[in-house]
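What follows is one structure encoded as structure tokens, with my remarks underneath.
The values are calculated or read from the model by the stated rules, or taken from the named source; none is laboratory data. Because the structure is predicted, anything quoted here is derived from the model rather than measured. Heads up, the Cβs are rebuilt from the backbone with ideal geometry, glycines too, and the neighbour counts pull from every protein chain shown. The area values use the complete protein model at the heavy-atom level, side chains included, leaving out ligands, DNA and RNA. Shrake-Rupley method; radii C 1.70, N 1.55, O 1.52, S 1.80 Å.
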Amino acid sequence: MSTFGTLFKVTTYGESHCESVGCIVDGCPPGLPLTNELIQPQLTRRRPGQSSLTTPRNEADAVKIQSGTEHGVTLGTPIALRVLNLDQRPHDYSETDLYPRPSHADWTYLLKYGLKASSGGGRSSARETIGRVAAGTIAEQYLKRCFGTEIIAFVSSAGRVEMPQLADGADASLMKLLDEITREEVDQHITRCPDPTTAQEMQKLIEATRDAKDSIGGTVMCVIRSPPPGLGEPCFDKLEAKLAHAMLSIPATKGFEIGSGFQGAKMLGSQHNDLWVAKEGGGLGTATNYSGVFKVVFPMGSPFISA
């Protein structure tokens, strides 16, 4: 399936080296300010060819709104977003017809459908995520305006190089990071790691791995601040389940943690309980605040992907 969501529904389209990629967003409320210029910054952050650490494919990834807006605001009708594929290189993949690439979907697609895209990974390519980023930008605009929600992701590890805030016993420094981190800090280094020392170590590791004609994986951590209450539905549509569904469907993703994640299995129940505490000015909150944090793991056998 290429559609995700219930009320806010996103359908992505396009293959790695076809004419264009993009998405259709259905369910966006009317009256939301939306222009190409509001969406473009996130696609620019995602685009390939930004540095020698990522894929050399050079794409501008310029987005064009095709429908669903007028005079810079949404109409409440389906929004179509298109990004042209300019750096099309089907000749680079001719040998995959004879030799399927390891850890790719070439052979799986051939067995399942009897044919596959002749170039790149087709729908299994990371180019498919352009539609997700574009649609996610619209959702982010709505959440920020209506609820003050902030969503910030950053690269927390590459191979065995990990931010010191993630070390055992560093809970206080991690919580301070998650409370204060900004997208501007994340973007200061090409690895998208906000810790300067770790970012340099990551860069050295990725460059050495690239020079050895190999690749390295990593993890991306994301914090969501001030999400609207009550998201998700029992039982199969819990918010955690929806997040895991979305994140694990990204090409090359091999792990997903939320809150304390797998570390929670190493703790006693008395330690792991996320107690409710009274907040200043009224209301309740959690003692650890970990519930708005999740981490995504990319495997060692895939190209490094920055946030």
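Starting from the Cα gyration tensor of region 61-197, take the square roots of the eigenvalues, sort them a ≥ b ≥ c, and report rounded, prolate or oblate (rounded when a/c is under 1.5, otherwise prolate if a/b is larger than b/c, else oblate). Oblate is the answer for region 61-197, as a/c is 1.5 or above yet b/c matches or exceeds a/b. In the chain, the portion of solvent-accessible area held by carbon and sulfur atoms comes to 57 percent [1.4 Å probe, whole percent, DNA, RNA and ligands not counted]. Cross-link partners of Lys242 among lysines, defined as those whose alpha carbon lies under 18 angstrom from its own and excluding same-chain residues fewer than eight positions apart: Lys9, Lys254, Lys295.
Annotation: per residue accessible area for region 137-231 equals 53 Å², rounded to a whole number [probe 1.4 Å, protein chains only].
Report note on the peptides 150-163, 226-239, 243-256: ranked by the mean count of other C-beta atoms within 10 Å, highest first, their order is 150-163, 243-256, 226-239.
Taking amide H positions as modeled 1.01 Å from N, with prolines and chain starts lacking one, the residues under 5 Å from Gly255 and 5 or more places away or on another chain are Val297.
Multiplying the residue separation of Lys64 and Arg45 by 0.36 nm and subtracting their alpha-carbon distance yields 5.2 nm. Between Arg160 and Ala172, the distance separating the two model label sites (each 7 Å from Cα on the Cα→Cβ line) works out to 2.9 nm. Taking amide H positions as modeled 1.01 Å from N, with prolines and chain starts lacking one, the residues under 5 Å from Ser156 and 5 or more places away or on another chain are Thr219, Val220, Met221. Pairs of Cα atoms nearer than 8 Å and 6+ residues apart set the relative contact order; for region 140-212 it is 30 percent.
For the residues Cys222, Cys146, Cys23, a GNM of the chain with alpha-carbon springs under 10 Å puts the largest fluctuation on Cys146.
Taking square-rooted eigenvalues a ≥ b ≥ c of the alpha carbon gyration tensor, is region 123-208 rounded, prolate or oblate, where a/c under 1.5 means rounded and, failing that, a/b exceeding b/c means prolate? Since a/c reaches 1.5 but b/c is at least a/b, the shape of region 123-208 is classed as oblate.
For Asp237 and Thr77, calculate 0.36 nm times their separation in residues minus their Cα-Cα distance, and state this gained length in nm to one decimal. Write down the numbers at each step before the final one.
Details: separation 160, 0.36 × 160 = 57.60 nm, distance 2.51 nm.
Once the chain is fully extended between Asp237 and Thr77, it gains 55.1 nm.
Helix-only arithmetic for the chain: the sum of -39500 (n - 2.57) across DSSP H runs with n ≥ 4, divided by the residue total, places the mean residue ellipticity at 222 nm at -8000 deg cm²/dmol.
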